[in-house]
Amino acid sequence: MSVFVATHRPASVRVALYDGQVDAGAPPAELASATVPTVRFAAGFHAIVVTVDLAGASALQPAHLYSYDLRITPDGGAAQSLKDLGVLADSTEPGYGTAPPASEEVEVGAIGYAENRLPSFVTCPAALDELVLAHASCRKPHGDGTAALRFLDGYVEDLDGAIEGRPHMLFLTGDQIYADDVAAALLPGLSALGIDLLDAVEEVPSPIQGTPPLRVTANVLPAGFRQRVTGSAGFTSDWASSHLIGFGEFLAMYCVAWNPKLWPMLAVADRTAPGLSDERRAELAKDADASDPTSGIVLRRPDPDVRTDVVTPLFDEVNPAAKDARDRAWKEFVPAKSLLDDYRREVPKVRRLLANVPTYMICDDHDVTDDWFMTGGIRAATLTNDFGRALIRNALAAHTICQAWGNVPQLWAADADRQSLLSGIAGMFPDGWNGGAPRAAGGTTTVDGVLGLSGPQAQPRLDFSFAVDGPMHRVRVLDTRTRREYDTPKGPPGLLTQAALDEQLPVGELEALPDEHVLVVVSPAPVFGPPLLTEIGSAVLVAKYDLINISWYETDRANQRAVTGLELGHPVGKEYYDVEHWGAHPAAFERLLERLSHHPRVVVLAGDVHYGAAFAMDWTGDGRTSRIIHFTSSAAKNDWKDSAGVIGPPGIVHNLFQLNGLATGLQKIGFPMTRLGWSETLPPVVTGLSQEPPATRLRVQTGPVVLSNEHFRTVHPLQRPPDWIWRAAPIVDERPSAERPDGARVEEPASDLPAGAGAVEDYGDLVALHVGALQTAAIARGLQFLNNVGLITFATDGGGIRVSQSLYSLRPRHEPNEKADAYIVHAAALEPSPVPVPASVGPGA
């Protein structure tokens, strides 16, 4: 068992393991312990993953609860246990300023879920129907909706120490921080904390070649002014006005994501800042406590010595695009502060959750930047720019320490390249560094070499994928960012090359896994999604977005370029709508499905898309059949509302799908979906295509050939049977209304309404029922657009294995102190069912 610990100063960390649930006042004899010194990654940031090894008769037993304690001994100081540190008792942290609710104290619960109780965990069971997995993604501090990881923390707390039902593994499937989309109210505090962690100010290269480097401070690179500096380096996020840049800032973001003690230290926005008009200050005063200068806005004219060639010209009164950007920043500011306060109140619960459930993390785009390595063109642009390389290096270095290192510590301890990466990160800001650029020799040069950041042609020597075994299941977590396939510089990527697929999902390993075991594959990007969103909707939105922007005058483009630094003044449609799902690259998508088919029972967990969903697929080919159940849980905090006042497609989705209850019906459009596949184009699979549209003829001539009935105008006999065939369908909640949570139930009239004068009262009752039903519109049975976290469970009986996903969320217009509930439960069989091969393809075939 392994524990990740970060400290502000060097220390020795001892982890002691105990059997059962333990009161810190009367601990039993230790089962085992380990003591390791921390590693210095910066003067004020030291970390270590402490692993306690057990073997033979003392090895951890399945489905068993164990507790642990830490003893941290700072260099030259006294040892402190968890009790000494005060985390085994309930406590509070001060709020911000004087205006509620931000001024209200933040509750910090005892880390063991009860006073004096040590944190604990439960090992994976030997019986599959006792196994509980949890997953979630996309946790943006100022994201919309109620933060959902607190739902899982509350679920564990309600168990009150019981073992049955407790999650055995938690998978955080990407975007645990939002490095590009940072609230302007939060960045000054992160910058200050980052400097404190490094104990000096770091410098990064300017994105403009031949110009001096940039000091990473809130004065030189102010909050709200960073859009152009990132755009000039090839990054495409247009929400980057407060993008994290320095290594210290990335470390600071991870610290405040999991540590409630650091929030009172963060600088907060100042409404009295110079450069703010009286009119704007008066508008802000309506939403903030006028007597509290920390409840206002931080945006101001930059200091005179700021490099105006790299920061966003927010206060350029001539450029209308700059004025629009400033207005948007002001408009978002106060709502973002309120959302940040809600996030802050979740942080203690998240730290407690991670301390009590074995947790595994994965890297995705927002952990670095939106559209990170999305296309070959973006990868080349950012890796040929010194600033671009520095930002990616800083992001991946912080991810390595705070997320990747703890996933499979044995792998990091045994692998030479991973050890070299950790050494290189430690060498970036070594003892003796007192500001400026990070050390190159033994530092950035080593990191770039291992991660493949030295140029567009460089290849990484490792990826962030990993495997974890349980008694009745095997988990394979994919890295779909660093080993991509690019057919063209601007086309959609294949998320894994053939070589990467062979490394991350080896055929021999899948075939050797016993049939009664379950293969769990974790992918940050969903393998399946509703065609209305992934295939139809995204294509329409991309085309509309690009057509509108093509009509701009060149003056408008120039104004936008001055603000964003982006080549076109804005990202193109494919980048704006993140067209990088598995299905966007058919060859890589079909390769993945074929690889998954080498085990008969597969569960895929994914996030990223900001909705929860479930799909079932049967794949048949090459004499085998596989059943693939796909579960998506997202977002943990970033639902599709527009509380920050930005109007756009997310608001449309929120209104249509969530508020109007259309999610389940729209999820089914395009299903059931059947696809026939051939590896080779010759001999032709169908003939007589003269009357078919050009797109269909191109599909038949392009390998791999993947066809479906809707691609054709008429029926065509198959000239040869397909090499494979798969069929997919959505999974919806089929529970009777009476078995769903109260907030999801729809009451129906008891009988037909009578005629006559007495019917008026009955019609009134009917109207009341209708109003009540409207309250449940957001509680669909298929897609879940509310913030959610998923619990995965299994059941075995005479009919085989079944798997379920319970999506926990908090309904809109909930009561005060109302708890989240499993408003949607997706359930399906995991038994393979061969797909019959048709004799023809086309309408009605």
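The values are calculated or read from the model by the stated rules, or taken from the named source; none is laboratory data. Everything quoted here is computed from the prediction, not taken from an experiment. Glycine also receives a Cβ, built like all others from the backbone with ideal geometry; neighbour counts cover every protein chain displayed. The protein model used for the area step is the full one, side chains on, heavy atoms only, and it has no ligands, DNA or RNA in it. Shrake-Rupley method; radii C 1.70, N 1.55, O 1.52, S 1.80 Å.
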- Item | Too-long pairs where the Cα-Cα distance tops 27 Å, listed order kept, from LYS637/LYS819; LYS337/LYS490; LYS331/LYS490; LYS140/LYS574 | LYS337/LYS490; LYS331/LYS490
- Item | Fraction of antiparallel bridges per DSSP, the chain only, in percent to nearest 5 | 80
- Message: I need the peptides 382-394, 442-454 ranked by packing, meaning the mean over residues of other C-beta atoms within 10 angstrom, with the highest value on top.
- Response: 382-394, 442-454
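On full extension of the chain, what length is gained from ASN219 through ASP53, given 0.36 nm per residue of separation minus the C-alpha to C-alpha distance?
This chain segment gains 55.0 nm when fully extended.
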- Query: Given a 1.4 Å probe, how much area per residue of segment 295-426 is accessible, in Å²?
  - Reply: 30
- Sum of -39500 (n - 2.57) over DSSP H runs of 4+, divided by residues of the chain (222 nm, nearest 500): -7500 deg cm²/dmol
- Note on the structure: Cβ-Cβ cut-off under 11 Å around GLU130, Lys and Arg +1, Asp and Glu -1: the net charge is -1
- Beta carbons within 10 angstrom, averaged per residue: use that to sort the peptides 115-123, 158-166, highest first. 115-123, 158-166
- Let me have the relative contact order for segment 358-423, percent, based on Cα pairs under 8 Å that are six or more residues apart. 35
- Task: Using Cα pairs closer than 8 Å and at least 6 residues apart in sequence, work out the relative contact order for the chain, in percent.
- Result: 13
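To the nearest 20 debye, what charge dipole does the chain have about its Cα centre, counting +1 at the Cβ of each Lys and Arg and -1 at the Cβ of each Asp and Glu?
In total the dipole reaches around 1480 debye.
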- Ignoring ligands, DNA and RNA, what percent of the 1.4 Å accessible area of segment 595-644 is carbon and sulfur? 49
- Task: Mind checking which of VAL603, ALA34, THR696 is farthest towards the positive end of the chain's charge dipole, using Cβ charges of +1 (Lys, Arg) and -1 (Asp, Glu) about the Cα centre?
- Result: THR696
- Note on the structure: Expected field for MET472, accessible surface area in Å² at 1.4 Å probe radius, rounded to 10, holds 50
- Message: How charged is the neighbourhood of ALA42? Take every other residue with its Cβ under 13 Å from the Cβ of ALA42, and add Lys/Arg as +1 and Asp/Glu as -1.
- Response: -2
- Task: Under 11 Å from the Cβ of ALA390, count the other residues' Cβ atoms, weight Lys and Arg +1, Asp and Glu -1, and hand me the total.
- Result: -2
- Message: Probe radius 1.4 Å, ligands and nucleic acids ignored: give me the carbon and sulfur share of the accessible area of segment 385-479 as a rounded percent.
- Response: 46
